[in-house]
Amino acid sequence: MAVHWVLICHGLVTLTVVVSFLCGQWPIFQGTPISSIHRFITFGAYQYFLKFVGAVFGDKGTNLILSVEYYCCDRPNPILQIIYLAIIGTIYCIIAKTSFSYIPGYYLSGIHRYASMLAVGIGILLFILTSFSDPGTVKAENVSQYLSAYPYDNIIYTEKECSTCKLPKPARSKHCSICNRCVARFDHHCGWMNNCIGERNTRYFLAFLLWHFLLCVYGTIAIGLVLAGQLKELRVIYILTVYYGVDNSFGSLAPYIVQWLLGSYNTQILLMVFMAIVSLLLAGFFVYHANLCLTNTTTNETFKWQDYISWRKKLSEARASTAALKASISGVNGEGKPPESKCRSFFRRSPLEDTEAVIKNNVVHQPMFFIRIYMKEVVV
């Protein structure tokens, strides 16, 4: 019985870690343990690790770790691609080894042996298409086409030149610092694909997400039907009710059936839980990106627009504060000093004019400056 609880706890911990890592930054989890775990996994643990390496090995050890980080996170590399292939290959081999012996079974025909292989092959094909397709690289040969296809809105995109590529920068494009190229209708750089997601390969990326969601659902249901077939063929319910006197009801039979499944098919249960969790995450990613496509926007533009709205809010607050300060000073001046002549007041310079000039020069006439500061893209 202790083994069963270990498996259950293992599944719960795995679910918590996966959800915290991938979704901990969502607003719904702010101020919850999920958010704290996400910060520890993505930032805190690495900082503690750097401090430990620095204390034990000194600056040389820290510099080595930072160089590895630069290669893994700031330059194109196939590490996550290899991990993806290892994950999908390992899971398929485990399923084939532990479950194919029960196919054909009571609920599944033998065709699922080959259908599963075909499904995995299509998933890998979509992965290859997304990874090695051109995302829409802006070059001297096609920059004029992209400039005409994506006009500037003069709000978050203005006419300018990419300081790295030395080419006019079309609206909705972005220079990827990892791939070192400008990508038209840039969405994001995907580490799993080792490629940018842009105008020309977004459809492959969406197909990849949708197919892998369906693949995980198919695997979960198929293993569930294998276990249900074993339950039927071995007449477990009949044995429990007739020989052990268990009441023939769901509430009475469920604990015994779960205990039997965990004891006899724990590997299949863990695979089902893993694929069910991954399918939910893939569904969330697919819905998010599908909604972006339906609204004709991108992940990059979503963050840019949010920062622009934040800047507009701060600008409005600054104007309101200036107006309130001006009214307050005017009231104080009106109460403490005798009224001035109209001629003198006409030529007198307001004490707030300098302040307003600073605000106008640095805020009103340079909105894109603040957006670039927030997005850390002053140079790009």
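Any read-out appearing in this document is the output of simple, stated calculations on the displayed coordinates, not a laboratory observation. Computed from a predicted model, the values in this text were never measured in an experiment. Glycine also receives a Cβ, built like all others from the backbone with ideal geometry; neighbour counts cover every protein chain displayed.
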Worksheet item: Given the pairs K139/K174; K139/K169; K160/K313; K160/K304; K166/K304; K139/K166, which span a C-alpha to C-alpha distance of over 21 angstrom in this model?
Response: K160/K313; K166/K304
Discussion item. Please report Rg (one decimal) and Dmax (integer) in Å for the Cα set of the stretch 109-258.
Written reply: 26.4, 81
Discussion item. Quick check on the stretch 16-118: take the gyration tensor over C-alpha atoms, sort the square-rooted eigenvalues as a ≥ b ≥ c, and tell me if it's rounded (a/c under 1.5), prolate or oblate.
Written reply: prolate
Worksheet item: How long is the gain from L64 to R39 if the chain were fully straight, where each residue apart is worth 0.36 nm and the alpha carbon distance is subtracted?
Response: 6.6 nm
Worksheet, complete the sentence: Most exposed to least, judged by fewest other Cβ atoms within 10 Å, I28, I124, I91 sort to I28, I124, I91
Worksheet entry | Compactness of the stretch 1-74 as Cα Rg over 2.2 N^0.38 Å, two decimals | 1.47
Worksheet item: Assuming R0 = 41 Å, what is the FRET efficiency of D247 and T267, from their Cβ-Cβ distance, to the nearest 0.05?
Response: 0.85
